[in-house]
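Peer 1: The structure under discussion is supplied below as structure tokens; questions concerning it will follow.
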Amino acid sequence: MSDDDDRMRRWRLVLGGGDADGTEEQLSPADAGMDQALAALYGGGSSDASGSGEGGGRGGDLGASAPRVARWLGDIRRYFPSTVVQVMQSDAIERLGLQRLLLEPEMLDAVEPDVHLVGTLLALGRVMPEASRRTARAVVRKVVEDLQQRVTQRTRAAVTGALNRAVRISRPQHRDIDWDRTIRLNLKHYQPHLRTVVPERLVGYGRRSNAVHREVLLCVDQSGSMATSVVYAGIFASVLASLRSLRTSLVVFDTAVVDLTEKLADPVDVLFGTQLGGGTDINRALAYCQSLITTPRDTILVLISDLYEGGSAEQMLRRVASLVGGGVQVIVLLSLNDDGAPDYDREHAAALANLGVPAFACTPDAFPEIMAAAIERRDVRGLIERLAAERA
């Protein structure tokens with residue numbers, strides 16, 4: 001096929017107007033199938049999944065039928081790469097009102113799973129029939145397993161290394177002294193008349209034990225805008241909970257607060273324990289988290305929220321100030337996903353910055369390094385600025 005022919009073919013697929021588009025281009029059977037798949041979503045006919053709307057241009061629609069949607073999903077998977085499939089699925093949900101068709105197991109079987117679809121399924125979890133719920137759990141589990149493979153090894157390595165470095169003790173028992181590091185650290189204290197080093201500070205090995213060295217509280221806003229962040233937070237919480245030297249808690253909230261810590265052994269159970277949507281009461285959630293803290297100076301509280309407070313913003317900021325004043329490390333993630341720059345309350349983010357609390361968007365790839373820095377009590381703000389500069 002010449003470049004001109006291919007260009008005309010592409011214009012025909014873009015215009016989708018048949019004989020009236022002026023291209024006089026005849027489509028092959030494969031291109032005709034691709035055109036029909038595009039027409040069902042981007043045509044001018046139906047404005048919703050019911051096919052009841054009117055309009056010109058392409059006349060296809062998905063109709064009020066889950067099997068028809070399933071066939072369409074199979075078509076787009078055949079004609080387009082997975083990245084395009086995910087965009088088209090998202091567009092179909094938004095443009096054609098397919099939320100109600102997500103209740104049908106036939107459609108779920110045909111879906112190309114991704115983190116955004118998981119967020120949609122979780123939002124509908126309370127109203128799904130049991131048959132659809134079983135299929136939805138299978139879809140969610142596939143996505144969770146894929147994401148776990150992506151994040152688990154890196155998170156374990158970063159956090160375990162940070163814990164090993166952080167628990168080197170300054171007043172070790174004799175059997176726990178790291179003599180090499182202790183001598184190197186104290187060479188400046190060599191006493192010539194004694195012909196020895198008088199150590200000012202002893203460095204101990206981090207002893208391998210089941211002792212808890214840090215408490216991590218993940219406090220996650222489950223309002224609808226935070227859907228993908230909720231998915232990643234649930235997976236990271238499950239990974240952190242598997243590390244014996246951490247005591248990890250997961251709290252999700254809207255206007256109510258739900259503690260999902262007991263479900264952390266299975267991230268799918270965690271995700272189906274959330275309920276996306278509703279209002280937001282950050283202060284109430286922070287108050288609950290504050291009640292869980294036993295050793296403030298060894299506690300890291302990660303608030304994942306866009307900071308749109310539906311309760312008292314003044315009380316929320318006072319609560320954060322109280323936590324910081326008590327020695328708790330507080331970090332605010334405005335989002336935890338790969339979706340780009342989030343929408344968030346800039347006034348509240350600035351107020352938190354004045355309290356010494358960093359508030360920033362975080363990608364899943366950056367989260368392990370952020371947690372490692374917090375565990376070692378390194379400069380998280382400096383790390384954030386470095387990561388932002390690297391992304392730019």
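The values are calculated or read from the model by the stated rules, or taken from the named source; none is laboratory data. Predicted model, so just to flag it, every value in this text is computed and none were measured. A quick note on method: Cβ atoms are made from the backbone with ideal geometry, for glycine too, and the neighbour counts reach across all protein chains shown.
Peer 1: Taking the range 359-374 as the search range and keeping residues that are touching a helix residue (DSSP H, G or I) at 6+ places or on another chain (Cβ under 7 Å) and in a strand (DSSP E or B), which one is surrounded by the fewest Cβ atoms within 10 Å (Cβ to Cβ)?
Peer 2: 360
Peer 1: To continue, here is another question. So residue 319 clears everything in (1) modelled with pLDDT under 95; (2) buried (at least 17 other Cβ atoms within 10 Å of the Cβ) except one condition, right? Which one?
Peer 2: For residue 319, the failing item is (1).
Peer 1: Can you tell me how many residues within the range 307-316 are in a helix (DSSP H, G or I) and surrounded by 20 or more Cβ atoms within 10 Å (Cβ to Cβ)?
Peer 2: Here the count works out to 1.
Peer 1: Any idea which of (1) crowded, with 19+ Cβ neighbours inside 10 Å; (2) touching a residue at least 40 places away in the same chain (Cβ under 8 Å) is the one residue 339 doesn't satisfy?
Peer 2: Against the list (1) crowded, with 19+ Cβ neighbours inside 10 Å; (2) touching a residue at least 40 places away in the same chain (Cβ under 8 Å), residue 339 comes up short only on (1).
Peer 1: Taking residue 356 as meeting all but one of (1) surrounded by fewer than 21 Cβ atoms within 10 Å (Cβ to Cβ); (2) more than 22 Å from the chain's Cα centre (by Cα); (3) at pLDDT 95 or above, write down the number of the exception.
Peer 2: Tallying (1) surrounded by fewer than 21 Cβ atoms within 10 Å (Cβ to Cβ); (2) more than 22 Å from the chain's Cα centre (by Cα); (3) at pLDDT 95 or above, residue 356 fails exactly one: (3).
Peer 1: Out of the residues in the range 131-155 that are within 13 Å of residue 104 (Cβ to Cβ) and either among the small types (Gly, Ala, Ser) or more than 19 Å from the chain's Cα centre (by Cα) (or both), state the one that is surrounded by the most Cβ atoms within 10 Å (Cβ to Cβ).
Peer 2: In this case the residue turns out to be 136.
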